[in-house]
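The values are calculated or read from the model by the stated rules, or taken from the named source; none is laboratory data. Predicted model only: the values in this text are computed from it and were never measured. We place every Cβ from the backbone using ideal geometry, glycine too, and count neighbours over all the protein chains shown. Side chains are part of the model used for accessible areas, which takes the heavy atoms of the whole protein and leaves out ligands, DNA and RNA. Shrake-Rupley method; radii C 1.70, N 1.55, O 1.52, S 1.80 Å.
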Amino acid sequence: MRILKVLAVHLFVCLITGNINAQDLKLWYSQPAANWNEALPVGNGRLAAMVFGNPTGETLQLNEETVWAGGPGNNIPDTHFKESLPEVRKLLFDGKYEEAQALAMKMSPGNPGPKNNYGMPYQTVGNLYVDFPSHHGATNYRRELDLANAISTTKYTVGKVTYTREVIASFADNVIVMHITASKRRSINCQLRIGSPQKNPAVRIVQNVLEMRGMSGDRDNKQGSVRFTTLVKPVLVKGDVTAPTDSLLVISNATEVTLFISIGTSFRDYIDANLNEDVPATNFLKSASVKSWRELKHAHVNHYKKYFDRVSLDLGNSYSSSLPTDTRLRQFATGNDPQLVSLYFQFGRYLLISSSQPGNQPATLQGKWNDKLSPPWGGKYTININTEMNYWPAEPTALQEMHQPLFQMLKELEVTGRESAKQLYGARGWNAHHNTDIWRITGPVDGAYYGLWPMGGAWLSQHLWQHYLYSGDQKFLKDAYPVLKGAALFYNDVLQPVPNKDWMVETPSMSPENEHHKGVSLAAGTTMDNQLVFDVFSNFIRASNKLGQDKDLRDTIQSKLEKIPPMMIGQHAQLQEWMYDWDRPEDKHRHVSHLYGLFPSNQVSPYKSPELFSAARTSLVFRGDQSTGWSMGWKVNWWARLLDGNRAYKLIKDQLTPVAESGSGGTYPNLFDAHPPFQIDGNFGCTSGIAEMLIQSHDGALHLLPALPDEWRSGKVKGLRARGGFSIDMSWDEGKIKLMVIHSQIGGVLRIRSYDELNDSRLVLAKGPTPNVLYESAAIHEPIVSANAQVTMPELKKVYEYDLKTLPGHSYMITRE
C-alpha cells in the first residue's frame, strides 16, 4: 500500500511539473559581448569568470573570492568614540540633530585615521586572453549561458569550419575549464596571454604552463597581503604548443584544446593570509588536468544539478522566448513574455549557487564577479540591505546549503564584533555596522552620516533564525545560539531610556542612508531599529526557551522587549520611518527601511495588524516604483507581502527594463541587476519576490498563491520551500489551485491558507492559533495612530484555512475539488 502511495505521488508530481524542465533555460545572444555588462558569468563559489565570446579573441575575466586589498585587522576608530556617546545621545534627545551629527562625524570620520580603515575592496585577479587571429568574418554566431547545466558556450563558423567553446567553473574539480573544438580536424590555432591590473604581476611559462603571480592591492592604511598564483595549462588532442616568448603560448593545428585555469591564494582566514599560494593552485591543476573533458563536464553538471533541479517554474510561454535575451529584455515592458520571468527567477538561483558554495566566502555586493581593483562601493559586504538581500532566495528556493558561507561569516563577526561592542559602546555581546569585508571589520565605515548604524549584526542574525524556521534543525539552532545570544546581549546593554516615555531605544543610529532633516541622518529609535531589536530579542527568547538555556537573561531580555516602542502611524496615514512624524510624502528615497517589518520580517500582517498593513502600503505608495535596481527588487517582495500581485508584477517589469532606457535602475543585457552600476542583490531580491508571489509562510500559515498577477493565470511550480520543513509542488489554472503535493520533511501540523476552498478528508478547518511552533509569531505592540491620520482598512479577499497533520518523510496530494 505504501508503494502504491509513493507511485501515486510521483505520478502526481509529474502531472504538476509537466514540461517545466523542457523549457529553454538559456540566456543567448547573436553577437559577442561589447563590454563587461554583456559578458556571461560562470562560477563555482570560489572561482568566477566573465566570458565575452569574441570570435577573434576570447577574454576570460578572472576572480578568486579571497583576493581582497589590505590584510587582517579590525577598523575600530581611535577617536574617543565611547566617551563621546553620552553627549551625542543627549543632543539627539534634545532635538539638536545638527550638533549631534557634527560631533558624531568626529567620532566616526569618513576618512581613515592611522589605526582604522575605510573597508577593503574585493579585487580582480586579471584576464586570460585566447586570441584567434584568423577568425574574422564569423557567421552563424551564437553565445549562450545554459542555466540548467551551468555551461557557457560560444559557437560560430569561419569559412567552412564551425568552432565551439564551452566554459565551466567546475564545482567538482575547483578549476575553470575552457574546451575548444572544431568541425574540421587540426583547425584550432590560437595564442594564450595573461595579465592583471594588480601592481607588477609576474608572468612566465614553465613546461608549457602559463603562470602569473601577484599580490592584492594596498588600500588606505593597509598593505595588500593576499598573494595569488594563476596557472593556465593547455591539453591538446593533436597539434603543438610552443612558447616563442616567456609570456606567450602558441597552439598550432590542434583538433581539440582543453584549457585548465587554476588559481590559489595565500588566504587562510580573516586573521591569517600566509599560506603558500602555489600549493592549492598546483594541486587543483594536477588533479583536474589528467581528466577528460567528458569526465570534467559530467562531474560538474551532476554537482550543480543536485541544487538547481530542486525547483522548476513554468509561467507559460510565448513567441518571444525564441528571441535573443537582449531583444526579449527590450521588448518585455510592452509584450507578454512570462517565460522571461521564469528565466530571470532561475538566473537568480544560478547566481547564488555559483557565488556561494558551502565552505567558501559569502556572495559580495557583486557576487564573485568583479573586473576592477576599486569596484563601486568596494564590492564589499554592505549589510544595511545588500548582503541580506543576496540570501533571501536561499531558503524558499531550496538553496539552503548556499546559506552556509553567510553563517560562517556571522560566527567570525561575532568574534570581531565583540571588539566594536566593547571598545565603542562599552557593551557585552557583539555588533557590526553597515559594512564589512573579508577581514570582518565591524566598526563604522563611510562616516557618521552613512556608517553610524550599529544594526548590521542584528539584521544578519535573522538569517540564522529563518534557517531554523525553515528546517526545524535543533542541532543547527544550538550551533547558532551564541551568535543570537551575543546580538541580544549587545542591545540589552546599549538601549537608552526615552525621556518622558516608558520606552528604550537604540541611539545614535539612523534609518539607513535617509535623512529626516536636511543633511542629517542620525536619530534615536528609528522604526527599523525598533523592528530589528524586536526580532533580535524575540529570536533569542524563543531559542533560549527551546534549548533550555539562560533563563535569567531570557527574563531580562523579555522585560526589555516590552519597552521597545510600538510602530506608529503618522499624520499622512503612513507607517512612520522615525520615532517622530517626520515623513514627507514626496520623499522618493531608495531605502524604505521602515518596511523591514513587512519584509523580510513578519511584524506586519493583513490579518493580525490591518492598520499597520494599510500604513505600510501608504508608505510604499509614497516612495514610488522607480528607483535603483536593488530597491525595485525589494519592492517586489513588499508588494507580494501586501498581497498585490499586479503591483508586484509591475515592479518586475520595471526591473526587467534595459538600464539605458529605465532612467534609474534596471537590468543589463546579461541580466545583471543595475543600481546602476552592477549590484547583484537586485537579482536575488527579484528571485525572492517571485517566490513570495507564489507561496508565503511567514504569517502563521502556508498561503498558496497569495499575490498572483493577472498575467500568470496558469502555471506550475515544483520544489518551493515553506517554513516548518515543507516543500510544495503545485499547478494552477485561471488563478486557482488545481493540483498540489506537500512534502513534509520533519512532520507536524501545517496550516494552509487559500483563496479557494480545498476539499480533502485530511484537511480540518483551522481554529485558534497555529499548533506548529515554527509558524508562531512573537506578539507585537498595538500601533500608535496619529490623531490626524485617516487610516483606510485594507480590503482583503476571503481566505479559507485548514490544518493538515503530517508525518516525517511523507507526501500529501491535495486538489481543489
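Structure notes:
- When LYS518 is tested against the conditions (1) charged (D, E, K, R); (2) over 25 Å from the mean Cα position of the chain (by Cα); (3) closer than 20 Å to ASN435 by Cα; (4) open to solvent by 10 Å² or more (accessible area, probe 1.4 Å), the lone failure is (3).
- Note on segment 339-372: among residues that are open to solvent by 10 Å² or more (accessible area, probe 1.4 Å) and touching a Ser or Thr at 6+ places or on another chain (Cβ under 7 Å), the one that is farthest from ILE151 (Cα to Cα) is LYS372.
- Hits in segment 502-522 - residues which are under 16 Å from LEU532 (Cβ atoms), among the polar types (S, T, N, Q) and in a loop (DSSP other than H, G, I, E, B): THR507, SER511, ASN514
- Those residues of segment 212-232 which are buried (at least 21 other Cβ atoms within 10 Å of the Cβ), under 15 Å from PRO280 (Cβ atoms) and charged (D, E, K, R), in sequence order: none
- Here ASN500 fits the description: over 24 Å from the mean Cα position of the chain (by Cα) and on the phi > 0 side of the Ramachandran plot.
- Some residue of segment 356-365 being within 24 Å of SER509 (Cβ to Cβ) and assigned to a strand (DSSP E or B): no
- Contacts under 7 angstrom Cβ, first residue in segment 312-337 being touching a residue at least 24 places away in the same chain (Cβ under 8 Å), partner open to solvent by less than 30 Å² (accessible area, probe 1.4 Å) and of a type in the set (Asp, Glu), 6 or more apart: SER321/ASP337
- Among the residues of segment 321-336, those that are within 18 Å of LEU145 (Cβ to Cβ) and more than 25 Å from the chain's Cα centre (by Cα) comprise SER321, SER322, LEU323, PRO324, THR327.
- Taken over segment 565-600, the criterion of being touching a Leu at 6+ places or on another chain (Cβ under 8 Å) and either assigned to a loop (DSSP other than H, G, I, E, B) or under 30 Å from HIS467 (Cα atoms) (or both) is satisfied by MET567, MET568, LEU575, VAL592, HIS594, LEU595, TYR596, GLY597, LEU598.
- Residue pairs whose Cβ atoms lie under 6 Å apart, separated by 6 or more positions or on different chains, with the first residue in segment 268-279 and open to solvent by less than 40 Å² (accessible area, probe 1.4 Å) and the second assigned to a loop (DSSP other than H, G, I, E, B), are TYR270/TRP439; TYR270/ARG440; ALA273/GLY71; ALA273/SER225; ALA273/VAL226; ALA273/SER266; ALA273/PHE267; GLU277/SER266.
- Taking (1) assigned to a helix (DSSP H, G or I); (2) more than 18 Å from TYR344 (Cα to Cα); (3) open to solvent by 10 Å² or more (accessible area, probe 1.4 Å) in turn, ALA615 satisfies each apart from (3).
- Counted as qualifying within segment 662-762 are the strands (runs of 3 or more DSSP E) with 2 or more residues that are β-branched (Val, Ile, Thr), namely 736-744, 748-754.
- Residue pairs meeting the criteria (Cβ under 7 Å; at least 6 apart or on separate chains; first on the phi > 0 side of the Ramachandran plot, in segment 442-464; second modelled with pLDDT under 95 and polar (S, T, N, Q)): GLY447/SER108
- Filter result (part of a helix (DSSP H, G or I) and in contact (Cβ under 8 Å) with a residue 24 or more places away in the chain) within segment 281-297: ALA281, THR282, PHE284, LEU285, SER287, ALA288, TRP293, LEU296, LYS297
- Single residue of GLU395, GLU414 found to be closer than 27 Å to ARG46 by Cα and either assigned to a helix (DSSP H, G or I) or of a type in the set (A, V, I, L, M) (or both): GLU414
- Residue in segment 657-676 that is within 20 Å of TYR775 (Cβ to Cβ), open to solvent by less than 10 Å² (accessible area, probe 1.4 Å) and hydroxyl-bearing (Ser, Thr, Tyr) present: no
- Residue count for segment 338-383 satisfying the condition of being more than 27 Å from LEU406 (Cα to Cα) and either of a type in the set (S, T, N, Q) or at pLDDT below 95 (or both): 1.
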